[in-house]
């Protein structure tokens, strides 16, 4: 069962905030009154008694301690930058398994946490952006792919594994070969919009498919992985609960943010395999 971390974080901030507020309005005045009453009595003042009277209840103490930290984390994670780890090779060679990335949460508009309602317009995704979004068939799962189709675009992927956007062949240049999961793979430099990036195609027993075409509806985006033959993306998503015209499309409300940097890599988290920083840099 997946955990809705944003909801848990918001609830934790609310609970800690209410504990802090209750101390400010109720418990702290009672403690001060009890201390003043004790000090006003005749006789010696016992320091241990004063300490006991001024002591905060355990829940209040924890709530006040955690509230500012959790509030800062909520603001940073919800409106500024959120970290993610890459779990699969669908974005190779751009992103490798185990890459830790940073995602700009306000690049495509400021959204309220949990409900994801956009409250401030900033900009729209551009063709070629690497974007994190909630998987349309299971919004609790985050995906990362490259924006290929914008609202109104006609996308075609041919049987020769060539990409067309609005009947224009997307330019690609052969870079070289590397080992692949089905024998060998070739790397190409692709120019998608204003972005140049690498893509990967299997040269072994890859799955031959007929040419297919999609029209991207308004308010939706067509996503593809850079590892073209090993990516579960808009070309393959099917959901009986979604109309055929929207199958494979990512609605604007599912957008999480724009991936912009790799800050650490740790492909196999073990004590014998330490994280490294050789892949640190901006994402293109």
Can residue 223 be described as in contact (Cβ under 8 Å) with a residue 24 or more places away in the chain and surrounded by 12 or more Cβ atoms within 10 Å (Cβ to Cβ)? yes
With a cut-off of at least 3 residues that are more than 28 Å from residue 119 (Cα to Cα) and not assigned by TED's automatic domain parsing to the domain that holds residue 159, name the strands (runs of 3 or more DSSP E) lying wholly within the range 195-284. 195-202
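Just to check your reading of the model, which residue among 208, 203 is surrounded by 13 or more Cβ atoms within 10 Å (Cβ to Cβ) and over 15 Å from residue 148 (Cβ atoms)? Spell out how you get there, then give the answer.
On the way: 208 fails: surrounded by 13 or more Cβ atoms within 10 Å (Cβ to Cβ).
Criteria check complete, one pass: 203.
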Quick one: in the range 63-88, which of the residues that are out of contact with any helix residue (DSSP H, G or I) (no Cβ under 8 Å at 6 or more places or on another chain), assigned to a helix (DSSP H, G or I) and in contact (Cβ under 8 Å) with a residue 12 or more places away in the chain is surrounded by the fewest Cβ atoms within 10 Å (Cβ to Cβ)? 80
Scanning the range 50-62 residue by residue, those part of a loop (DSSP other than H, G, I, E, B) and either surrounded by 14 or more Cβ atoms within 10 Å (Cβ to Cβ) or touching a strand residue (DSSP E or B) at 6+ places or on another chain (Cβ under 6 Å) (or both) turn out to be 56
Do we find that residue 137 is out of contact with any strand residue (DSSP E or B) (no Cβ under 7 Å at 6 or more places or on another chain), loosely packed, with under 15 Cβ neighbours inside 10 Å and more than 23 Å from residue 188 (Cα to Cα) in this structure? yes
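The values are calculated or read from the model by the stated rules, or taken from the named source; none is laboratory data. Every value quoted in this text rests on a predicted model; they were computed, and no experiment measured them. Note that we place each Cβ from the backbone using ideal geometry, even for glycine, and neighbour counts take in every protein chain shown.
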